[in-house]
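Each reported figure results from applying straightforward, stated rules to the coordinates on display, with no laboratory input. A quick note: this is a predicted structure, and the numbers were derived from the prediction, not measured. Glycine also receives a Cβ, built like all others from the backbone with ideal geometry; neighbour counts cover every protein chain displayed.
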């Protein structure tokens, strides 16, 4: 039988190798791709907006109370060759009055969409449709041809299609069940792109990457990763957010180069210490970089109880003549204060210790919010306190 002999020197080398492998694996586990940390400056989406009509509703449209819905319908019908003079003549009285279109199955809507970068004519995008009048539901409606314009006023897409609503709105005699919003819906692939947006990606001499968060450490890590892969000077940092890349001039080579760059992995810098508090839901999120300096905290509430007793007062035998029975209310007021123990934060305490301290006193979310605000005011909380 063969036996493996390992001396102390070999064992030390193996331990060192294992430690280095563990370090490399740990760093790789925390590494992110450049495409997840940055965005190309000239590659961006554009917002589109349009005004249109949704038809085919079951009496849930705008009706006569929204005049611009009728005006839009009249204008559309005129363009289709249907003449609507808009007057009613009373031949007996000799009076001519303006007609009002009372179409309850039509709703005036605003249509919004997002035009992705590099989108080409003929491709389709999703659109969102929302009422702007008195329509109560768009369920079962059909958006008719609507022009979607950009900020420059040019038409970039045409939207049309059947509405898709996930909301539920059920009415019954004397009751109503409503879940979600029935006055807004979506049309998947409801708009066809008619015009592309020009970008400077294929024309500029350099490409600029912008990190998604302002962080000098992350920016320098991206620069180092690119230069290590393609050579010194290919990437240069402009500031804590922007990086310039020297790219090939031929467009296909430029695309291939950007593909390799965006898949490089880097270890980003740690986020700054931050505590995010949602006062409406009581949600508190504390990241791992939060520290607390020396502080002593106690949190307790004062409870005030007021009890009232209604009694009847009868006149005594020696009361004056005419004394009557009277109702008397006796009030008893008591004040009590919870005796919660004070806990101590030592200098440089970490996130786990903060959570353990809160759990020890059984603090509710509202109490945690109050304690964090007090620690920030006292100068002991080394973090940004963000209340949303």
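Using Cα centres only, tell me the gap between the stretch 145-167 and the stretch 188-216 in whole Å.
21 Å
Based on the Cβ-Cβ distance from residue 388 to residue 47, what FRET efficiency comes out when R0 is 22 Å, to the nearest 0.05?
0.40
Would you mind computing, in nm to one decimal, how far apart the modelled labels at residue 32 and residue 262 are, each placed 7 Å from Cα along Cα→Cβ?
1.6 nm
Starting from the Cα of residue 253, step 7 Å along the direction of its Cβ; do the same at residue 272; then give the gap between the two resulting points in nm.
Each label point is offset 7 Å from its Cα along the Cβ direction, giving 4.1 nm.
Computed FRET efficiency, Cβ-Cβ of residue 65 and residue 166, R0 30 Å: what is it to the nearest 0.05?
Details: r = 27 Å, r/R0 = 0.91.
FRET efficiency, residue 65 to residue 166: 0.65.
I need the calculated FRET efficiency for the pair residue 55 and residue 285, taking r as the beta carbon distance and R₀ as 45 Å, to the nearest 0.05. Write down the numbers at each step before the final one.
Numbers: r = 46 Å, r/R0 = 1.02.
Calculated value: 0.45.
Using the per-residue mean of other Cβ atoms lying within 10 Å as a proxy for protection, in what order, highest first, do the peptides 285-291, 239-245, 51-57 fall?
On the way: 285-291: 15.0, 239-245: 16.9, 51-57: 20.1.
Descending mean neighbour count gives 51-57, 239-245, 285-291.
Going by average Cβ density within 10 Å per residue, which order do the peptides 257-266, 74-83 take, highest to lowest? Walk me through the numbers before you get to the answer.
On the way: 257-266: 16.2, 74-83: 10.8.
Per-residue mean Cβ counts within 10 Å order the peptides as 257-266, 74-83.
Could you work out the relative contact order of the stretch 206-266, using alpha carbon pairs under 8 angstrom and six or more residues apart, expressed as a whole percent?
Details: 72 pairs, mean separation 23.1, N = 61.
Contact order relative to length: 38 percent.
What order, most packed first, do the peptides 127-134, 147-154, 207-214 have when packing is the mean number of other Cβ atoms within 10 Å of each residue? Walk me through the numbers before you get to the answer.
Details: 127-134: 19.8, 147-154: 13.4, 207-214: 17.4.
Answer by packing, highest mean first, reads 127-134, 207-214, 147-154.
How far apart, in nm, are the 7 Å Cα→Cβ label points at residue 206 and residue 374?
Result for the modelled spin labels: 5.3 nm.
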